[in-house]
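One structure is given here, and the rest of the page talks about it.
The values are calculated or read from the model by the stated rules, or taken from the named source; none is laboratory data. Note that the structure is a prediction, hence the values are computed from the model and not measured. Don't worry about glycine lacking a Cβ; one is built from the backbone with ideal geometry, like all the others, and counts go over all protein chains shown. The area values use the complete protein model at the heavy-atom level, side chains included, leaving out ligands, DNA and RNA. Shrake-Rupley method; radii C 1.70, N 1.55, O 1.52, S 1.80 Å.
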Amino acid sequence: MTHMDTETASESVTRLPFKSLGMRTGMALQTRRLVEGASKKESQFFGAIESKGVMVGPMGPDGVKTELEEGEVCVVRGFTGQYEFSFLSKVLQTFEKPFAYALLAYPAQVDARMVRQSMRTKTSWPTRVKLPASAGGVEGATSDVTLLDLSLQGAMIEAPSPLGAIGDVIGLHMTVQVDATPAILNVSARICHNNKSSGGPTHFIGLAFKDPTQQDKLLLHYLTQSAQSAKP
């Protein structure tokens, strides 16, 4: 697998087939009607039938309206943990039973920007974050989180709270094994995505590393290579 340079991985927008995104039920989306004054609505992905339609609905168990209307065009935006994406689609139908959702025309392709190369890890590395000042509480407070994927540019974590606002900088602390020798990664990271899980109280948070040192980069390179070689 060849490595993309950081700028290419984070800036280039390409056209991809919708199914290439690897969307999973419950992933957070934003939908907005293309009419004057319409606002973004936090939504979620329910499923798709290739070449037929995409089902989206309101976020959370209390969501009762999609705020989309049949015949209108809407813009859909989302983040998979690897890609930021968007597409325009026509609302084919809306439903209230057995639950609220809208059926959108299946997009042949979407605009996608690779944020990071998704890396699956075989080892669950203990990971802790230092909360930003804006999160309140005790100075230097920390929170234990679950690492979902890791790349040279950033990480995706699952946390019990939002940790901070979009744009806030937190500290990521990981204790890992490098050739059976303990090593510690301490790196600052900016919160660039923050979506509440539809299935529970946790949050999926996308992080972009901020000014990593050369030592950080070397350790990240080793870890991502190890994760890649561990793939079946």
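Just give me the residues in the stretch 162-187 being in a strand (DSSP E or B) and in contact with a Pro (Cβ under 8 Å, 6 or more places away or on another chain), in sequence order.
Val169, Ile170, Met174, Thr175, Val176, Val187
Restricting to the stretch 188-217, give me the number of residues that are open to solvent by 90 Å² or more (accessible area, probe 1.4 Å), without any contact (Cβ under 8 Å) to a residue 60 or more places away in the chain and assigned to a strand (DSSP E or B).
1
If we scan the stretch 16-27, do we find a residue that is open to solvent by 40 Å² or more (accessible area, probe 1.4 Å), more than 14 Å from Tyr106 (Cα to Cα) and either among the acidic types (Asp, Glu) or in a strand (DSSP E or B) (or both)?
Scanning the stretch 16-27 turns up no residue that is open to solvent by 40 Å² or more (accessible area, probe 1.4 Å), more than 14 Å from Tyr106 (Cα to Cα) and either among the acidic types (Asp, Glu) or in a strand (DSSP E or B) (or both).
Just give me the residues in the stretch 161-173 being surrounded by fewer than 20 Cβ atoms within 10 Å (Cβ to Cβ), closer than 15 Å to Arg128 by Cβ and not small (Gly, Ala, Ser), in sequence order.
His173
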